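A.B. asks: Let me begin by handing over the structure; questions about it come next.
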Amino acid sequence: MSLETGIQNYKDSQNMPLLPWSNSDDQDNGSTMKSQSFLLALFAVTAFWTAESQAAQPDYAYSTTVRLSDGKTLSCAVNEPLTAVRDTGTTLTRRETTEADVLATQRLRLISGPSSEYPSPYTAPNVTCGAVG
């Protein structure tokens, strides 16, 4: 028994299909075409994933709900358009506005760390808050 016959018998006994990109004499029925199709599909998936991740919203823009010490619940938009807040006509005192800004921007302080360039969306955010409901 030759080495090639032994290898073929081992493959047959294991019932192991050859991979589409393998370059074996046993399977020379268009494996190059299968390989090209596989690489093209892999490239397309990678390109789509990259484009999708670039279109994602940045981590410095978000909406959040805050609860003030006096019990009021506010919806705040941080670095987002004014339409993100439902009721911007709510009149807040200066103390309530300051407290809401501090609570709403807590996530930014965690993301940016102890230092960040100024001004940036992390260090000079645009915060708009309104009453929930």
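The values are calculated or read from the model by the stated rules, or taken from the named source; none is laboratory data. Here the structure is a predicted model, which is why all the values come from computation and not from measurement. Don't worry about glycine lacking a Cβ; one is built from the backbone with ideal geometry, like all the others, and counts go over all protein chains shown.
A.B. asks: If I filter segment 43-62 for residues that are at pLDDT 70 or above, among the aliphatic types (A, V, I, L, M) and touching a strand residue (DSSP E or B) at 6+ places or on another chain (Cβ under 6 Å), do I get at least one hit?
C.D. replies: no
A.B. asks: Please find, within segment 81-110, the residue that is modelled with the lowest pLDDT out of those that are hydrophobic (A, V, I, L, M, F, W, C) and surrounded by fewer than 11 Cβ atoms within 10 Å (Cβ to Cβ).
C.D. replies: Among those that are hydrophobic (A, V, I, L, M, F, W, C) and surrounded by fewer than 11 Cβ atoms within 10 Å (Cβ to Cβ), it is 82.
A.B. asks: Same structure again: Quickly run through segment 90-111 and pick out the residues that are among the polar types (S, T, N, Q) and in contact (Cβ under 8 Å) with a residue 40 or more places away in the chain.
C.D. replies: Selection gives 90 alone.
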